[in-house]
Amino acid sequence: MVKTASTMLPLGTQAPTFKLPNIDGSSVSLDDLSGGKALVVMFICNHCPFVKHIAHELVRLHTDYKSQGVHFVAISSNDIASHPDDSPEMMKKEAAAQGYAFPYLYDQTQAVAQAYRAACTPDIFVFDSQNKLAYRGQIDDSRPRNGKPVTGADLRAALDAILANSPIPEPQRPSIGCNIKWSAGNEPEYFNPAGVQ
C-alpha cells in the first residue's frame, strides 16, 4: 500500500465530462448528475483500507445531503488485471455490503481519473451548481489506526457552505489513501506518491 495524497486540482475547474457504466448495468454521465445544488465525485475502490475506513460515512453523507439537492457518484478506476477484487462484479457486491445507494461507476480506461487528476482512494471532489470545483481533499482527518473518529467534518463543512452560499472553510486539506492502481503504461505524469507523510 502506497500512501498517496490528492493532487488538489485547482478550484474553479469545470467538471470533466464522463459517461461510464454503473454497477446496475446502466450508463451514467455528468449530465445525468448535474442540475443539483452540488455534486460530490468520489474516486474509491473495493479493497483499499482507507476507503473501507470511511465507507459507512460515505453512506451517511449521501443519506444526509441527497434530500438537500446534493448528488453523489463514486468511480472506481483501478486496474482489475492487477487487482481483481476491484472488478465490476466485486463492485456490485461491495456496494450491496456497504449500502451504497449512489451510482458506482467503473472507469476501465482510467481516462476519467486522469481528467480529474485523481491520485488516491478516496479522492473527493465537490462541484457547485455550475459544475465548478468548490472543494477537493479529505472528508475528515481520520485515517486507519490514527484513533480519530470518522465524522465527515471537512466534507460536511464544504457542503453546508455551498448550500448556504457561504465561503468554504480553509484550508482545504488533501485526502490520503492508497494510490490508484494504474494499468501498465497508463500512469499519468502528475502521479507522484513519493514524499507523502
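Listed values, structure above:
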| quantity | calculated |
| --- | --- |
| Per residue convex hull volume, Cα atoms of the stretch 116-197, in Å³ | 115 Å³ |
| Whichever aspartates and glutamates have a C-alpha closer than 17 Å to that of K37, once near sequence neighbours (fewer than 8 apart) are set aside | D64, D128, D160 |
| Value of [θ]222 nm, deg cm²/dmol, for the chain, DSSP H segments ≥ 4, -39500 (n - 2.57) each, nearest 500 | -7000 deg cm²/dmol |
| Residue-wise HN-Hα coupling along the stretch 15-20, computed from phi with Karplus coefficients 6.51, -1.76, 1.60 (Hz; x: Gly, Pro) | 4, x, 6, 7, 8, 9 |
| Under-5 Å amide H pairs with V28, H placed in peptide plane, nonlocal only | L20, N22 |
| GNM flexibility winner over the chain from A113, A55, A161 (Cα, springs under 10 Å) | A161 |
| Simple Cβ-charge dipole of the chain, Lys/Arg +1 and Asp/Glu -1, about Cα centre, in debye nearest 20 | 340 debye |
| Relative contact order computed over the chain (Cα-Cα under 8 Å; 6+ residues apart), in percent | 34 percent |
| Alpha carbon centroid spacing (whole Å) that separates the stretch 2-75 from the stretch 121-143 | 9 Å |
| Hull-based mean projected area of the chain, where the convex hull spans the alpha carbons, in square nanometres | 10.3 nm² |
| Cβ crowding within 10 Å averaged over residues, with 37-50, 177-190 ranked highest first | 37-50, 177-190 |
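FYI, it's all coordinate maths here, none of it is from the lab. Here the structure is a predicted model, which is why all the values come from computation and not from measurement. Here Cβ is always computed from backbone atoms with ideal geometry, including for glycine, and neighbour counts include all displayed protein chains.
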